Every structure is written in structure tokens, then in C-alpha cells.
Amino acid sequence: MQRESIEVTVARIEEKLDTVLSAQSTYVNMDQFRPVRAIVYGMVGIILCSVVGALVYTVVRNSPVQSVAAVRDAMKFPVAGIIE
């Protein structure tokens with residue numbers, strides 16, 4: 001009885017080992033992953049910079065920006081020394 005039990009256990013271990021060895025060939029190690037990671041991180045960085053740049057452009061374009069000279073001229077008293 002015990003001999004049969006040992007044989008069954010060894011057979012299960014061999015099946016699991018075969019499964020692990022076949023699955024190991026499908027995994028990607030770090031050396032293979034680094035170029036992919038660099039490309040993906042670069043593309044994500046470019047996309048995020050584009051989004052932030054578009055937001056900044058939208059805010060700057062729609063804001064009522066006045067020059068220092070226009071503000072000084074709009075004021076009724078001389079503040080040339082303070083603003084400049």
C-alpha cells in the first residue's frame with residue numbers, strides 16, 4: 001500500500017514539474033523586458049507632457065493677460081518705480 005502511494009506521489013510531482021518547465025519557457029525575464037519598458041515609459045511620458053502642455057496652452061490662451069505697461073497706464077497714479 002505504501003509503495004503504491006509513493007509511486008502516485010512521484011507521478012504527481014513529475015506532472016507538476018513538467019507543468020512548471022513548460023510554463024517557464026513562456027515567462028519573460030528582466031533582460032527581455034527592459035527595452036519594452038523603456039519604450040512604453042517613453043511613450044507614456046510623451047503623452048503626459050502633451051496633455052499637460054495642452055492644458056497650460058488652454059489656460060494661457062484663455063486668460064486675460066495684460067502687460068505691465070497696460071496696467072500702469074490704467075492706474076491713475078504713478079507707480080512706475082514699484083512695477084518695474
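Bear in mind these aren't lab numbers, they're just calculated from the coordinates by the rules spelled out. Just so you know, these numbers come straight off a predicted model, no measurement behind them. When we count neighbours, we look across all protein chains shown, and the Cβ atoms used for this are built from the backbone with ideal geometry, even at glycine.
Our estimate of slack between Thr9 and Ser22, defined as 0.36 nm per intervening residue step minus the Cα-Cα distance, is 2.7 nm. When peptides 23-32, 10-19 are ranked by their average number of other Cβ atoms within 10 Å per residue, the highest-first order is 10-19, 23-32.
Label separation (Asn62 vs Val40): 3.4 nm, computed from points 7 Å beyond Cα along the C-beta direction.
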